[in-house]
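K.L.:
To start, I am sharing the structure in question, which I have written as structure tokens.
The values are calculated or read from the model by the stated rules, or taken from the named source; none is laboratory data. Given the structure is predicted, the values throughout are model-derived calculations rather than measurements. Heads up, the Cβs are rebuilt from the backbone with ideal geometry, glycines too, and the neighbour counts pull from every protein chain shown. Calculation scope for accessible area: heavy atoms of the full protein, side chains included, ligands and nucleic acids excluded. Shrake-Rupley method; radii C 1.70, N 1.55, O 1.52, S 1.80 Å.
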Amino acid sequence: MAEDESRSLEFTSTWIVAVVCSIIVLVSFAAERGLHRLGKFLLHKSQDALFEALQKLKEELMLLGFISLLLTVVQGPITKICIPDDVASHMLPCKMPTSHVSESYHRRYPPQTVNSIGKRLLLESSTGQHCAQGKVPLLSLEALHHLHIFIFVLAVVHVIFCATTMVLGGAKIRQWKKWEDSIRNEPVSRRNESVPELAERKETVHWRKSAIVSWMMSFFKQFYGSVTKSDYITLREGFIAAHCASNPKFDFHNYMMRTLEVDFKKVVGISWYLWLFVVFFLLLDVEGWHTYFWLAFLPLILLLLVGAKLEHIITRLAQEVDDEKAKGLEASATPSDEHFWFRRPSIVLYLIHFILFQNSFEIAFFFWIWSTYGFNSCIMEKLGYIIPRLLMGVLVQVLCSYSTLPLYVIVTQMGSMFKEGMFQQHVHQSLVVWARGQ
């Protein structure tokens, strides 16, 4: 048997099979035990929301495992499906160097060397049958293997980006803890006097009444001081007045951190509509369309739109409060779903979820192409297209972590209903058990 020919298990040394199998099992077992211990640690620390997020992550890993198994099982039948080369020559990511796809295929993979491709695969595929002249496989073994890797890379990058965003956003929100402590320890009569931003805000009320000026101020405010102490006081007082008026010392900050943990388990997963998004943009990756360059603008545009909307809600609430106080009346912000798109505050979370996933898709696709086909690949396109894509990816990640996510956490408390994190976990579980018993 030639040295460059791949061998099946029938002609592979048993010690090689045993060593490789042992390494795979040990790595898998170590990963499973690590996740198990992490889950026990989170339960011990009463981090039930993060524990549920970890369970969601395990579900995603199971889904990836099933996809991997499915691709391995069906790779043989898929490669045996042949289609006319004129059909396969449409909507290519790269321009074919020759006019005939089938000639290019047979020249690149002659029958005597086709089996060597299997060296890159988890499971060798039979190469006894080949497409006739004028036809090519529906998907080659090499392309199927690359697609397999891309799906795994995308899922890993998405989880890493979501975790990074939540950690950095949580760190930003924890900086508001000093505001919460100072507010709870100060008398109500002195609370507003200690905040210089309130006086500055009153001076700009006249300008905020103009819709255009209000939206412009909201758009630029998300880049600096997205949430000030005066904003925090206004929203905190409005929430407490609407949902827990009998407890003016309610720990609003602790409540927001609990809701952030609850929301994390929703964004760490990859929903079915996000997979549809992947399929759609893989379809549009046609040579000359520069799809991924234009796609890079989508998360940035959506992120700026979401940030401006959240800032505008703060502006409207602050304006209403200042107008009432100007009349000598006691007033606080009024939580209502009317402030949000389609009366649904949850839409903001769906948009953030999509933004994070789309940004993950952009970065994962870039590094996958780089590692698989090289930096000079035609799919990678020119340097003038690459640099803006990477810069926008970094900008989206930073802006979402330090501005948009903290804005979401505090502003969406101004909906008509309070969120799941309103009660401590043991109280929440007791209420659920009580409700099921009714």
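K.L.:
Can you pull out the helices (runs of 4 or more DSSP H) entirely within the stretch 141-240 that have at least 1 residues that are loosely packed, with under 15 Cβ neighbours inside 10 Å and modelled with pLDDT of 80 or more?
P.N.:
Ranges flagged: 141-174, 177-185, 211-221.
K.L.:
Could you please find all residues in the stretch 27-61 being modelled with pLDDT under 80 and either of a type in the set (Asp, Glu) or under 30 Å from LEU141 (Cβ atoms) (or both)?
P.N.:
ASP48, GLU52, GLU59, GLU60, LEU61
K.L.:
Let me ask something else about it. Going through LEU302, LEU310, LEU283, LEU276 one at a time, which residue ends up being open to solvent by 30 Å² or more (accessible area, probe 1.4 Å) and farther than 18 Å from SER360 by Cβ? Break it down stepwise before answering.
P.N.:
On the way: LEU302 fails: farther than 18 Å from SER360 by Cβ; LEU310 fails: open to solvent by 30 Å² or more (accessible area, probe 1.4 Å); LEU276 fails: farther than 18 Å from SER360 by Cβ.
Unique residue meeting the criteria: LEU283.
K.L.:
Going through the stretch 43-66 one residue at a time, which ones are of a type in the set (A, V, I, L, M, F, W, C) and over 22 Å from the mean Cα position of the chain (by Cα)? Step through it out loud before you land on a result.
P.N.:
Going through the stretch 43-66, the residues of a type in the set (A, V, I, L, M, F, W, C) turn out to be 43, 49-51, 53-54, 57, 61-64, 66.
Once the filter is applied, which keeps residues that are of a type in the set (A, V, I, L, M, F, W, C) and over 22 Å from the mean Cα position of the chain (by Cα), the stretch 43-66 yields only LEU43.
K.L.:
While we're on this one: Here is a check on your reading of the model: is ILE369 within 24 Å of LEU274 (Cβ to Cβ), at pLDDT below 90 and outside any helix (DSSP H, G or I)?
P.N.:
Values: within 24 Å of LEU274 (Cβ to Cβ): yes; at pLDDT below 90: yes; outside any helix (DSSP H, G or I): no.
Here the answer is no, as ILE369 does not meet what is asked.
K.L.:
Related question: Name the pairs: first residue in the stretch 347-358 and without any contact (Cβ under 8 Å) to a residue 12 or more places away in the chain, second residue of a type outside the set (S, T, N, Q) and in a helix (DSSP H, G or I), Cβ to Cβ under 7 Å, at least 6 apart or on different chains?
P.N.:
Going by the 7 Å Cβ cut-off, the qualifying pairs are ILE347/TRP341.
K.L.:
Answer with yes or no whether PHE423 is modelled with pLDDT of 60 or more, of a type outside the set (D, E, K, R), closer than 15 Å to HIS253 by Cα and open to solvent by 20 Å² or more (accessible area, probe 1.4 Å). So that I can check it myself, show each step before the final result.
P.N.:
On the way: modelled with pLDDT of 60 or more: no; of a type outside the set (D, E, K, R): yes; closer than 15 Å to HIS253 by Cα: yes; open to solvent by 20 Å² or more (accessible area, probe 1.4 Å): yes.
Judged against the criteria, PHE423 is not a match.
K.L.:
Please specify each residue of the stretch 168-183 satisfying the condition of being in contact (Cβ under 8 Å) with a residue 40 or more places away in the chain and among the aliphatic types (A, V, I, L, M). Step through it out loud before you land on a result.
P.N.:
First, pick out the residues of the stretch 168-183 that are in contact (Cβ under 8 Å) with a residue 40 or more places away in the chain: 168-170, 172-174, 176-177, 179-180, 183.
Listed by number, the residues that qualify are LEU168, ILE173, ILE183.
K.L.:
Within the stretch 393-414, track down each residue that is under 18 Å from TRP370 (Cα atoms) and open to solvent by 10 Å² or more (accessible area, probe 1.4 Å). Spell out how you get there, then give the answer.
P.N.:
Keep residues of the stretch 393-414 that are under 18 Å from TRP370 (Cα atoms), which gives 393-394.
The one that is under 18 Å from TRP370 (Cα atoms) and open to solvent by 10 Å² or more (accessible area, probe 1.4 Å): VAL394.
K.L.:
From the list LEU35, LEU42, exactly one residue is without any contact (Cβ under 8 Å) to a residue 40 or more places away in the chain, of a type outside the set (Lys, Arg), surrounded by 16 or more Cβ atoms within 10 Å (Cβ to Cβ) and farther than 30 Å from VAL286 by Cβ. Which is it?
P.N.:
Numbers: LEU35 fails: surrounded by 16 or more Cβ atoms within 10 Å (Cβ to Cβ).
Going through LEU35, LEU42 in turn, just one is without any contact (Cβ under 8 Å) to a residue 40 or more places away in the chain, of a type outside the set (Lys, Arg), surrounded by 16 or more Cβ atoms within 10 Å (Cβ to Cβ) and farther than 30 Å from VAL286 by Cβ: LEU42.
K.L.:
Do any residues in the stretch 13-31 that are of a type outside the set (Lys, Arg) have Cβ atoms under 6 Å from those of residues that are open to solvent by 70 Å² or more (accessible area, probe 1.4 Å), where the two are at least six apart or on different chains, and which pairs are they?
P.N.:
Between residues of the stretch 13-31 that are of a type outside the set (Lys, Arg) and residues that are open to solvent by 70 Å² or more (accessible area, probe 1.4 Å), there is no close pair.
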